[in-house]
1. In the range 69-109, what residues are in contact (Cβ under 8 Å) with a residue 60 or more places away in the chain, over 25 Å from CYS172 (Cα atoms) and of a type in the set (Val, Ile, Thr)?
2. Among the residues of the range 147-156, is any over 14 Å from the mean Cα position of the chain (by Cα), away from ligand 2 (no atom under 16 Å from the Cβ) and under 25 Å from ALA200 (Cβ atoms)?
3. Tally time: how many residues in the range 141-154 are under 14 Å from VAL26 (Cβ atoms) and either hydroxyl-bearing (Ser, Thr, Tyr) or away from ligand 1 (no atom under 15 Å from the Cβ) (or both)?
4. Do we have any residue at all in the range 273-292 that's among the aromatic types (Phe, Trp, Tyr), in a helix (DSSP H, G or I) and either in contact (Cβ under 8 Å) with a residue 24 or more places away in the chain or in contact with an Asp or Glu (Cβ under 6 Å, 6 or more places away or on another chain) (or both)?
5. Just to be sure before I move on: is ALA66 outside any helix (DSSP H, G or I) and at pLDDT 95 or above in the structure I sent?
6. Looking at (1) within 14 Å of ligand 2 (Cβ to nearest atom); (2) without any contact (Cβ under 8 Å) to a residue 40 or more places away in the chain, which one does VAL190 not meet, given that it meets all the others?
7. Just to check your reading of the model, which residue among GLU185, GLU268 is acidic (Asp, Glu), in contact with a helix residue (DSSP H, G or I) (Cβ under 8 Å, 6 or more places away or on another chain) and more than 25 Å from HIS154 (Cβ to Cβ)?
8. When the range 271-285 is examined, which residues are found to be surrounded by 21 or more Cβ atoms within 10 Å (Cβ to Cβ) and in contact with a helix residue (DSSP H, G or I) (Cβ under 9 Å, 6 or more places away or on another chain)?
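The values are calculated or read from the model by the stated rules, or taken from the named source; none is laboratory data. Being a predicted model, the structure only gives us computed values, none of them experimental. Ideal geometry is used to build each Cβ from the backbone, glycine not excepted, and the neighbour counts take in all protein chains shown.
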Amino acid sequence: MYAPIRLPTEETIAEAARILRDGGLVVFPTETVYGLGAHALDARAVARIFEVKNRPRFDPLIVHIADPAMLERLCETVPEAARRLIERFWPGPLTVVLPKRPVVPDIVTAGLPTVAVRWPSHPVAQALIRAAGIPVAAPSANPFGRLSPTRVEHLDPVLRAQVDLIIDGGPCEFGVESTIVYVTEETVTVLRLGAVPVEALEAVVGPVALPTGSRDRPMSPGQLPRHYAPHTPVYVLRPGEVPPLSGRRVGYLAFRHAPADPSFQAVEVLSPTGDLREAAARLFDCLHRLDEAGLDVIYAEPVPEVGLGRAIMDRLRRAASGGNGEVGR
Ligand code: AMP
Ligand code: MG
């Protein structure tokens with residue numbers, strides 16, 4: 001039986017809050033993507049997240065809060081640079097990795113001495129966490145490694161059958177996951193590119209270290225080369241490269257302009273005006289639709305790697321990397 005999908009009325013929020021407090025699972029909207037939430041301080045509830053998502057236990061979760069007191073409850077210390085970032089970007093799509101207190105179960109952090117924390121700006125996420133009165137661990141509400149849902153229509157049917165309640169808040173504003181930073185007294189390191197652009201971080205704290213792209217990044221478990229992937233193989237084009245058509249069912253993900261060649265089976269355009277924020281917000285929705293179109297391959301155009309373009313290219317490369325996909329660059 002599928003979990004009910006409800007609009008975010010006061011009664012629904014109250015019921016969802018009760019479910020979370022009792023150790024259940026709730027899918028809820030955030031400004032990045034839909035989250036699969038559980039009581040972050042209840043190890044058994046958190047274990048269900050890993051089961052439902054089929055997520056490896058070495059991949060730690062982000063804990064969502066709704067006020068500064070919850071941060072105090074979770075974290076031992078907050079370095080000065082982290083405070084400045086929090087002041088500027090919370091509530092919002094920035095996740096900060098900080099030293100954890102013993103109250104945070106090991107299953108949440110995959111045994112690390114740190115915990116990843118975010119205060120989301122989405123009004124439904126805020127209302128839910130506040131009503132529950134507890135921090136909420138919530139990865140994206142998708143099977144591990146697959147495309148993140150940015151609308152309830154994207155939710156995987158198997159996952160829908162294993163949760164207790166789904167709150168429909170419409171499409172997500174940013175459409176890509178939060179930016180994750182690890183902050184010490186000396187340095188700010190970006191562990192995952194996301195909805196807060198690197199340039200915006202640097203405007204607050206000066207130069208930051210970027211993810212290396214190396215497969216061996218012990219600081220950032222779970223940042224796997226293949227991730228955010230549709231079932232259909234994805235190939236990322238080089239600038240100006242024209243895909244071969246050769247009798248297969250070929251889909252095309254364009255940045256600004258649909259290709260002139262009419263022989264593509266399915267075409268999606270991320271942003272006709274070239275707005276990278278709009279492109280990011282539409283990325284997973286376009287990929288979900290192309291993935292439903294029964295194609296043999298999806299060709300994706302590159303976007304400029306500035307601002308949100310970096311997060312878009314990061315997701316496209318991971319969608320294309322290894323597995324059944326083809327690596328475009
Ligand atoms: P998500 O899958 O969107 O919930 O994001 C979770 C990601 O956050 C993980 O895959 C890790 O890369 C990162 N993360 C979470 N907790 C930590 C931590 N304590 N230290 C470093 N990275 C973390
Ligand atoms: Mg995810």
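1. VAL103, VAL104, ILE107
2. no
3. Residues meeting the conditions: 1.
4. Looking through the range 273-292, at least one residue is among the aromatic types (Phe, Trp, Tyr), in a helix (DSSP H, G or I) and either in contact (Cβ under 8 Å) with a residue 24 or more places away in the chain or in contact with an Asp or Glu (Cβ under 6 Å, 6 or more places away or on another chain) (or both).
5. Criteria met by ALA66.
6. Checking VAL190 against (1) within 14 Å of ligand 2 (Cβ to nearest atom); (2) without any contact (Cβ under 8 Å) to a residue 40 or more places away in the chain, the one that fails is (1).
7. GLU185
8. LEU276, ALA279, ALA280, LEU283, PHE284
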